[in-house]
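The next block holds one structure in the form of structure tokens; read it before the comments.
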Amino acid sequence: MSEMILDDQPQDDGTAVNQNPVERAAALLKERFPDAVTDDTRDGYTGLMVSADKLVEVATALRDDIGFDYLSSVTGVDQINDNKMEVVYHTYSIDQGGSGLVLHVQVDRDNPVLPSLTPIWPGADFQEREAWDLLGIHFDGHHDLRRILTWDGFAGHPLRKDWKEVFYEEDHKPFGSRWPGGEVFRAEEKTVYGKNVRYPEGWLPTGDEYDVETEMYTGITYTRDQQSGMKTDKLTVNMGPQHPSTHGVFRMVVTLDGETVIDLKPVMGYLHRNHEKIGERNTFIQNLPYTDRLDYLSSMSNNHGYVLAVEKLLGSTVPERAEWIRILMVELTRICNHMWALGFLLNDLGALQTPMLYFYLERELILDFFEEAAGSRMMCNYMRFGGVAYDLPDYVREQETISFLEELIYEHIPAVLDQGDGLMTNNEIVRARSIGVGILSREDAIAYSTAGPVLRASGAQYDVRRAEPYSYYESLDFDIPVRYNGDIYDRYLIRMDEMRQSLRILEQVLPHIKATKGAPIVDGKPQYAIRMPNAGESYGRVENPKGELGYYVTTRRRESNPDRYHVRAPSFINLTPLGKMCEGHKVADIVAILGSIDIVLGEVDR
Amino acid sequence: MYGLGILKGMAITMKHFVDSYLDDIFWAARGGRYYNDEALKVRQGLKGKGVKTVFYPEEKLSVPERFRFVPFLVTDDPPPGQKWGKDWCTSCGICAKVCPPQCIWIERGVQPNGRPKPEPNQFYIDIDICMNCGFCMEFCPFDAIKLDHDYELASYDRTTAHIHDKERLSKPLSYWREIAPKKAAAEAAIRDHVDELKAWKKANGRDADPSTAPKMTEENTKQLFYRGEYY
Amino acid sequence: MTAENSAAGSPDIVVPDELGNNVVITNIAKLLDPVYNWGRRNSVWPMVFGLACCAIEMICTAASRYDLARFGMEVFRATPRQSDLMIVSGTVTKKMVPTIVRLYNQMPEPRYVLSMGACASGGGPFKEGYNVVDGIDKFIPVDVYVPGCPPTPQALINGLIALQEKIDQQSIATVPWYRKSDPTTDLVPVPVLGPDLVDLRQLNLIKAEALKAKETAEAETAV
């Protein structure tokens, strides 16, 4: 089985069929743009180096002629040593699957200007805004290049390598102040203000700069209706950041005509916890528990993506039992997450509390298993590079683990799904409120870079587990459910289908878990101080319950911490078409549409 | 048909409602459904029927051995009249280095001649920073730092209660044995095993056949983080 | 009985020893306190207010398994105007803190704040970040801290019981919300977002620091 893992590495000939399209596309692009496109020859890097002035043409050709129609991720990188700003684009083909074509674009660091790709892929919208916000890369032609995670008026671009926080101690962990002469301190005691704040030199508060909301409302006109006799204004309503149906601290600025939505602008960053900045200071292993807190409903899957990315860099192999345990955990997480998502969706549709509570009871049982296996209900921190942290426990709630899992997978969860199915799928209220609401067409779903259930409910049968199989998914028998209407109801059905498919996978995994009892669960001895043997970039992507979760990690040789650490967060990018989906619907539908996307703010804002 | 959904929903609610009372009758002769450890175990497992509520604080849902909350330091069992014994911590600093949010401060002890002493002079953990990840416990080569199971730490003032110093952190080995008996036994077995291995190596020389070396029992290995050849 | 009554009630009135078992000297506050506290402690309505990971555990606490209804706390209100308790459940970011303070100001008294988890108490693992507030108590008064990352539902209930105990300690005669011009009942000035988070209570300090920096810069250029 260990050979199989090697096959997942793109450089092996086992996936030659998948790799061909990438090579062919690269060759075509080089032929067509000989001056602008070259191979990226840096050590450990793959893909193409594209010059900024031809980027739009290259991207158009890639999308229209070569078939790489899906822009998965846009990553800004601060190459401070070369005095460059780099933007990395990961593009994939929805129909062909396989690995992606990576485009690198480098521009001058002092004046980083790139053409925006939003006209070609509107899904680049938020990601480019994020790169502008955090790295100060300007995208020419972007229709709305405002800050997205921090606020307007924020001083500086925090992900730049020369930007230091208030509580900055050292570039890399571990900090020298902790040992051997550790004198405990609270970081805030060392600042004048006693808080995590700092103001630019010479800045005096005047009161004018406090109005950070104005830009939000620019472009919104308050015109009287033309109809005679009617004296109505367009109305701007703020939903969130404190709103019971926004699933956290998410905010939408909604412009209404009567009760109909004309325009909706998502505002995020209320939970921006600087995951990436902290991640670049952390050592590789220290990032693991932080990934738990991205999509805090599915920490196991977050771990999985990150360990895949780092394992690619390390070149470590994973023992068979560990792989099976990983799949077991990840699929249980998917069920957990979808139960939560559907519970909340129904809550948003008006079925207040009751269906939610029944789903949560079952989720608690899965969490019991996680707690028993990993030590924590939510923040599992269970996977390690080259394996998992512990073997499965002997007992879960006084029941033998295998018998617990069997009962859970064969009897308990199917019964709960049937119960939920019977209650909701044909419920007239659910149907009336969800069918035909929040429609996203297949073209839009792909263009807006959506992923996961949102993409699949719109008719694109794309799942990373099948498109670019990792772990043992290639050898497992399961279907990728797909629905074609792209409305809330289909997104609900897709999640129901996916849970059943997960059960199917779990049924196949259990015999392997039993057969590999006592086998090693980690490759070698886990190290706390890992130094990367080679320089390079790595992109580990997994099918998270919310969609494609990708970790872009770059490192230099013999480094113990990542140079750039970027998370392609599915919830964040799935929000890009929210405004489009809500247009023309009523206020009450916004809540349901948002619920059907299933976001977790920890991942949206990071 | 309109209204069918409501009826279905009410039927399910009714089922759970009735289940609770049936379960109540079942447990009536067995010590009661509530405030009864036996009943709690069943109720919280897969076989549970009806209302699943844990009546905290009267009944507490047990936490597993691997449960992680804030860390504590293991010391020897205390001699009579004292709260704890000798520290197991050698102030090697691995936990402070691996800690992801860097919430551990260790002041290494100094011998009179100025050389480092293998025990901490002071040991602080800021539990307002700690993320309960368990890396300190996982990588500690001396089994000296463990994650506690005591989650009842609510306080009215964080300035005094939330930086745990060595005094607050230290707990005797017997406490660890109590909260995680299997794991503690396995760790003790490993320590013995390592000594045994050393003795075996000394006795047999380097060229001895490794297959004849003493082995750990499977039961014990399972309780541990995988540690390669146990260190 | 006698000694306790005369000490706690009114020290001026001396009860003769022979009447000690028959006379209880008290005041209205003392009579009302148990009722007053009993009413409040068993109907603490929290606000639906989830910030981050801890919010999930908060919802789990309110769900069937742990069931906050046993404490009269199941009525999660979506508006601050109807709630008594703000459970700050998760990381408080600079962008969010003006909203939180505004919500706190909108809560009617008696109001309580429970800081759930390491992040809300002191910044947690994200403390070093540039957008994270190192403890919500820098802005609003906090009654109970629940450590943990995240605290389990049982740990949260433990914190809520601690809050109930705190409520039991209060007396109708001394609670700040019935007294005029008590500083703890004032509105907290809502912080604003400038180049960084600006706590309006520190405006003078910020100005002084800016002037000081200017002076040092001028002195350096003069040299």
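Worth a mention:
- Contact map, segment A:487-501: residues that are of a type in the set (Phe, Trp, Tyr) paired with residues that are buried (at least 22 other Cβ atoms within 10 Å of the Cβ), Cβ distance under 7 Å, separation 6+ or inter-chain. Pairs shown: A:Tyr489/A:Ser434; A:Tyr492/A:Leu342; A:Tyr492/A:Leu345; A:Tyr492/A:Ser434; A:Tyr492/A:Ser596.
- When A:Gly248 is tested against (1) among the small types (Gly, Ala, Ser); (2) open to solvent by 10 Å² or more (accessible area, probe 1.4 Å); (3) closer than 30 Å to A:Trp324 by Cα, just one condition goes unmet, and that condition is (3).
- Test set (1) without any contact (Cβ under 8 Å) to a residue 40 or more places away in the chain; (2) within 14 Å of chain C (Cβ to nearest Cβ); (3) in contact with a strand residue (DSSP E or B) (Cβ under 7 Å, 6 or more places away or on another chain) - B:Ser91 fails condition number: (2)
- Any hit, segment B:73-87, residues being acidic (Asp, Glu), part of a loop (DSSP other than H, G, I, E, B) and within 23 Å of A:Arg384 (Cβ to Cβ): no
- Test result for A:Val464, surrounded by 21 or more Cβ atoms within 10 Å (Cβ to Cβ), within 28 Å of A:Thr576 (Cα to Cα) and either in contact with a helix residue (DSSP H, G or I) (Cβ under 6 Å, 6 or more places away or on another chain) or within 11 Å of chain B (Cβ to nearest Cβ) (or both): no
- Segment C:176-202, subset within 11 Å of chain A (Cβ to nearest Cβ) and aliphatic (A, V, I, L, M), residue nearest to C:Leu103 (Cα to Cα): C:Val190
- Annotation note: Cβ proximity below 7 Å between a residue of segment A:411-424 that is over 12 Å from A:Phe359 (Cβ atoms) and a residue that is open to solvent by less than 40 Å² (accessible area, probe 1.4 Å) and among the polar types (S, T, N, Q) (sequence gap 6+ or interchain) occurs for no pair.
One line per residue, one yes/no per condition, for (1) at pLDDT below 85; (2) more than 20 Å from B:Val70 (Cα to Cα):
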residue	(1), (2)
B:Met131	no, no
B:Thr160	yes, no
B:Glu167	no, no
B:Arg206	yes, yes
B:Pro214	yes, yes
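- Looking only at segment A:146-175, and only at residues there that are touching a strand residue (DSSP E or B) at 6+ places or on another chain (Cβ under 8 Å) and open to solvent by 40 Å² or more (accessible area, probe 1.4 Å), the one that is nearest to the other protein chains (Cβ to nearest Cβ): A:Gly153
- Condition broken by A:Asn337, with the remaining ones in (1) farther than 21 Å from A:Asp295 by Cα; (2) surrounded by 23 or more Cβ atoms within 10 Å (Cβ to Cβ); (3) in contact with a Ser or Thr (Cβ under 8 Å, 6 or more places away or on another chain) satisfied: (1)
- In segment C:88-206, counting only helices (runs of 4 or more DSSP H) that sit wholly within it, the ones holding 1 or more residues that are open to solvent by less than 10 Å² (accessible area, probe 1.4 Å) and free of Cβ contacts under 8 Å to residues at least 24 places away in the same chain span C:117-122, C:153-169.
- Among residues of segment A:185-206 that are more than 7 Å from chain C (Cβ to nearest Cβ), those with a Cβ under 8 angstrom from a residue that is at pLDDT 80 or above and open to solvent by 60 Å² or more (accessible area, probe 1.4 Å), sequence gap 6+ or separate chain, pair up as A:Thr191/A:Arg198.
- Residue match in segment B:86-96 (condition: touching a Leu at 6+ places or on another chain (Cβ under 6 Å) and open to solvent by less than 50 Å² (accessible area, probe 1.4 Å)): yes
- Test: residue in segment A:139-157 that is among the polar types (S, T, N, Q) and in contact with a helix residue (DSSP H, G or I) (Cβ under 7 Å, 6 or more places away or on another chain): yes
- Candidates in segment A:392-405 are the residues that are more than 10 Å from chain B (Cβ to nearest Cβ) and open to solvent by 30 Å² or more (accessible area, probe 1.4 Å); of these, the one that is modelled with the highest pLDDT is A:Ile402.
- Against the numbered list (1) open to solvent by 20 Å² or more (accessible area, probe 1.4 Å); (2) within 14 Å of chain C (Cβ to nearest Cβ); (3) in a loop (DSSP other than H, G, I, E, B), B:Arg168 comes up short only at (3).
- Enumerated strands (runs of 3 or more DSSP E) restricted to segment A:499-606, each holding at least 2 residues that are open to solvent by 20 Å² or more (accessible area, probe 1.4 Å): A:536-544
- Answer residue from segment A:99-114, given it is in a strand (DSSP E or B), in contact (Cβ under 8 Å) with a residue 60 or more places away in the chain and within 17 Å of A:Asp39 (Cα to Cα) and is farthest from the chain's Cα centre (by Cα) among those: A:His104
- Per-region count, segment C:60-79, residues in a helix (DSSP H, G or I) and at the interface with chain A (Cβ under 8 Å from one of its Cβ atoms): 1
- Of all the residues in segment B:12-48, those that are open to solvent by 60 Å² or more (accessible area, probe 1.4 Å) and among the aliphatic types (A, V, I, L, M) number 7.
- Per-region count, segment A:136-145, residues more than 24 Å from A:Val253 (Cα to Cα) and either within 14 Å of chain B (Cβ to nearest Cβ) or in contact with a strand residue (DSSP E or B) (Cβ under 7 Å, 6 or more places away or on another chain) (or both): 3
- Residue within segment B:64-82 that is touching a Pro at 6+ places or on another chain (Cβ under 6 Å) and farther than 24 Å from B:Phe135 by Cβ present: yes
- Residues located in segment B:102-124, provided they are within 11 Å of chain C (Cβ to nearest Cβ) and either assigned to a helix (DSSP H, G or I) or under 15 Å from B:Phe69 (Cα atoms) (or both): B:Cys103
- Every condition in (1) away from chain C (no Cβ under 11 Å); (2) more than 14 Å from the chain's Cα centre (by Cα); (3) not in a strand (DSSP E or B) holds for B:Glu138 except the one numbered (2).
- Condition check for A:Ser475: buried (at least 20 other Cβ atoms within 10 Å of the Cβ), farther than 19 Å from A:Thr425 by Cβ and among the polar types (S, T, N, Q): no
- Cross-chain or 6+ apart pairs with Cβ under 8 Å, segment B:7-32 first and farther than 28 Å from A:Ala351 by Cα, then open to solvent by 60 Å² or more (accessible area, probe 1.4 Å): B:Arg30/B:Glu38; B:Gly31/B:Glu38
- Number of positions in segment B:33-47 that are without any contact (Cβ under 8 Å) to a residue 24 or more places away in the chain, part of a loop (DSSP other than H, G, I, E, B) and not charged (D, E, K, R): 3
- Only one entry in C:Leu205, C:Leu211 is modelled with pLDDT of 85 or more and at the interface with chain A (Cβ under 7 Å from one of its Cβ atoms), namely C:Leu205.
The values are calculated or read from the model by the stated rules, or taken from the named source; none is laboratory data. If you're wondering where the values come from, they're calculated on a predicted model, not measured in any experiment. With ideal geometry, Cβ positions are generated from the backbone for all residues, glycine too; neighbour counts draw on all protein chains shown. These area figures cover heavy atoms from the full protein model, side chains too; ligands, DNA and RNA do not enter into them. Shrake-Rupley method; radii C 1.70, N 1.55, O 1.52, S 1.80 Å.
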